[in-house]
Structure formats: structure tokens, C-alpha cells
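Take a look at the structure set out below.
The values are calculated or read from the model by the stated rules, or taken from the named source; none is laboratory data. All figures in this text were calculated on a predicted structure; none of them were measured in a lab. For neighbour counting, all protein chains shown are included, and Cβ atoms are generated from backbone atoms with ideal geometry for every residue, glycine included.
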Amino acid sequence: MSPSPAPSLSHAERFARLTARLADAQSLWRQLPFQHRDSPWGEAWSGLDAALLALSDDEAARLQDAPFTDSPLADWLPVAELEALSALPELAGDGPALPAAWAAHVGGRKWSQIEAFLPRVAVEPGERLVEWCAGKGHLARALSRRDAIEVTALEWQAALCRDGQHLADRQGAAVRMAEQDVLAPEAGRWLSPGTHVAALHACGDLHARLIELAAAKGSAVTLAPCCYQRTAAADYRPLSQQGRERAAALGFTLTREELAMAVQETVTAPRHVRRRREQAGAWRLGFDLLQREVRGVDAYLPVPSLAYGRLPADFAAFCRWAAEQKGLALPAGIDWAAFEAAGARRRAAVVRRELVRHLFRRPLEVWLVLDRALRLEEAGFAVELGTFCPRALTPRNLLLRASRRRRPGSGGGLSPCP
Ligand SMILES: C[S@@+](CC[C@H](N)C(=O)[O-])C[C@H]1O[C@@H](n2cnc3c(N)ncnc32)[C@H](O)[C@@H]1O
């Protein structure tokens, strides 16, 4: 279903309304249902909880994929408004399809992302191109070959720089891999008013640094941000002045852990991986019930995560492992089957209650990208926001394009709204 029509909104208006909606409902989406034996929201929300628990498995799975579509939460929460506020248009891009040979040595999914990203990097004549946090410079090579220009690719890992330089030289691409920690004080030397910086999936502090440097130097930016929670700071400090003011006025704060909610949607894993994850989730919740009883403390106890493939063979073995991690002595005579079954029932409830967080995930991600857009608008940039590929290719499909030079069709900083 397409989003309800939204009025034409500037980034600032969209941001203001999203801040208010996120702040209004924070007592709901901040709760982590797996930490609670019962409803995390109390009596006031018993109707919402009952509606969630009544969902069939199929309905719950459908809503995980499409949280805004025919949602039973619409009786309690502004589902249509959240959908409209977080719906951004597909950003225009042009240019011919890239030759298949350019995909050599690039993973299939990554290449598809580059194919979608690259036509949206609109390089102005005379601009110098820089790739930010480039890995092996796959994007840089494609950009250099498309525009027949030199691209400087910044990456801090020496081995990736070496491999990337080797690939570029072999393919005759004019790419210079430069070993650079982009958080280091001297990283700004790569940016100037005539620079255009492209960054595909640069994480938290890395893309925040790019935005600060671009704002200071006047460089154009084409950025697909990701992993907002990868920050040195434990608490989020909005990048924009408007963000800081609005958040302070509404008492809206975000911890690093809460930032992770914006990127928790992942591309669907293969069926056997999903099954294993579901089993691990049920076992954790079964162990949680057991530990509450053994300790005589009705409170959640975090248990470390396990690498894929390290899950013990059965529930009892899992509980013994978890108990050992927490220094807990398990008594004899535990009814393993009963705790295992209770864990599975509790997982079904948790999956349904998590649908509240699913509903706010994309709005939070859009809020974070808008904060970045506003930071640049406040620095005098014209900014476009939108998507660069379908979410099936990568859920981190938001793109920010910003330039001090006014782009044709950019609307002087207004977002083209759905
Ligand atoms: C998520 S990857 C993205 C790589 C590439 N842009 C892509 O889309 O495949 C992030 C890259 O940033 C690099 N990186 C991490 N911290 C960095 C830093 N402080 N300075 C420079 N590069 C960094 C990593 O080594 C990695 O290659």
C-alpha cells in the first residue's frame, strides 16, 4: 500500500513533526519486550497488548515486513502519519547501465548497491572526487571509470588500501587509495569547496565527521549513512541546532543502544538461519524464566550473545552454558520441557510486542537522516533526501545529497515530498 498523501513538507517541518511523534510515544517504543515477563506497557495499554497477542503467526510476520500496512496498532498509534512522515521519494539519478565487467572482484549485493548509488552521484564539472571510508575502493573505481576522473579513496586499513590500489591499477582506474583515519585531526585536508565526497554506508561517527568537515569546508556530499549507533558518545547529541533545540524542548534523548533500533531491520536471512535464531530466542526466554525462579528475583538477566553455529545442542545444555556465564548454580530436578515450552510461548508474545518498535524504526532512521540534512542546511547547503534503491537490496537505502551550489530541481532545500 502506498503511503497516505502528505502535504509538501520542508525538512525542518518533517523533522519537527517526527520529533513530536517519537517523543509522544517514547514510553512505548523504548521498552524492550524481551526483558519483561508480561506486557511492558502496563494497564493503560492493555487493549493494545491484547490486540498484539491475538495476531496469528502469519499476521505478525506480515507486520514485521510491512509495519504500516493494515496495522491493528492504528487504533492506538498514529500509524498513517508515521508512514507519511517517513516516506521519502526515490532520488533521481541518470546515466547508462554500468558495464558488467566493472563488477569484477565486487560481491554481488555490493555491486548492485553501487549500480544504484552511482547514478545519483552528480559530479559537477571541475569537482574533485573523494570516497569516504572506501574499503577496497569499489565505488571509487566505478566513479573514476564512469567520469574518467581521478578519485581519491580514503580508508584507514593498510591492507584494504593495498588491495584496492592493486585492483584499481589492474583495471586502469584512476584511483588513489590513501591510508587515512577520517577521525584524525588532519582528515580535513582532503576536503575543499571544490571537492565532492561520496560515502556509501559510512557508519555513525565516520559520516558525522564527514558532515562536520563538509559544513566547514563547503564540499558537496553524496552520502548513504548507516549504523548510527557506532559512536564514541553514549548519548546522542543532535548534529543540527534545530535537533538540539527540539529534543531539549520535548525532553527527547537517545542512548547509543536506542540508536541501534533505527538499523535493526536486516535483509531476510535464509530459512535455516532464521529457524536457528528463533530457537535461540525461545531458549533465552526460557532460561530467563528459569533464572528468575532459581535466583528468586523476578528481573531480566542479560546473557552474552553466541556466534552463529555455537548454539548448544539442546535447551538444557543452553541453560547450563548460560548459567555458567552468569555464575549461577542450577538445582537438580529442573523440568526442562516445561521451561522450554514456556520460553517458546513467551517468544511468540515478544515477537508480537516487538511490532511496536518495528513501527517506530523507520521514523527514527528518517529522523536521524533529517538531523544530518538540517545540519547542512544550517550551514547554507541545499539538501535533497530520498532513497537510492529498494529496501530489499539494502534496508539502509536512504541517500543525502548536499551542495552549497544550488542544484536544479532541489527546491532550495525543500524535500520533494511523496
Ligand atoms: C561499512 S564499510 C563501507 C565500505 C565501503 N564504503 C562499502 O560500501 O563497501 C566501512 C569502511 O570504513 C573503514 N573505516 C572504519 N573506521 C575508519 C576510520 N576511522 N577512518 C577511515 N576508514 C575507516 C573500514 O575499514 C571499512 O572499510
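The lone criterion from (1) within 16 Å of the ligand (Cβ to nearest atom); (2) part of a helix (DSSP H, G or I) left unmet by ALA50 is number (1).
Taking every residue in segment 170-197 that is under 23 Å from ALA104 (Cα atoms) and pairing it with any residue that is part of a loop (DSSP other than H, G, I, E, B) and away from the ligand (no atom under 13 Å from the Cβ), at least 6 positions away or on another chain, the pairs with Cβ-Cβ distances below 8 Å are GLN171/ALA104; ALA174/ALA148; ALA174/ILE149; ALA174/GLU150; VAL175/GLU150; ARG176/GLU150.
The helices (runs of 4 or more DSSP H) found entirely in segment 257-367 that carry 1 or more residues being closer than 30 Å to PRO390 by Cα are 271-295, 336-353.
Of the listed requirements (1) at pLDDT 95 or above; (2) on the phi > 0 side of the Ramachandran plot, GLY95 misses just one: (1).
Within segment 222-244, can one find any residue that is acidic (Asp, Glu) and away from the ligand (no atom under 16 Å from the Cβ)? Give the derivation first.
Applying the first criterion (acidic (Asp, Glu)) to segment 222-244 yields 235.
Now narrow it down to the ones that are away from the ligand (no atom under 16 Å from the Cβ): 235.
Scanning segment 222-244, I find at least one residue that is acidic (Asp, Glu) and away from the ligand (no atom under 16 Å from the Cβ), so the answer is yes.
Considering LEU374, LEU368, the condition of being touching a residue at least 24 places away in the same chain (Cβ under 8 Å), of a type in the set (A, V, I, L, M) and in contact with a Ser or Thr (Cβ under 6 Å, 6 or more places away or on another chain) is satisfied by LEU374 alone. Tell me, please, whether a residue that is in contact with a Gly (Cβ under 8 Å, 6 or more places away or on another chain) and more than 19 Å from LEU200 (Cα to Cα) can be found in segment 124-132. Checked segment 124-132: at least one residue is in contact with a Gly (Cβ under 8 Å, 6 or more places away or on another chain) and more than 19 Å from LEU200 (Cα to Cα).
Selection over segment 289-317 of residues that are closer than 20 Å to ALA349 by Cβ and not basic (Lys, Arg) gives a count of 11.
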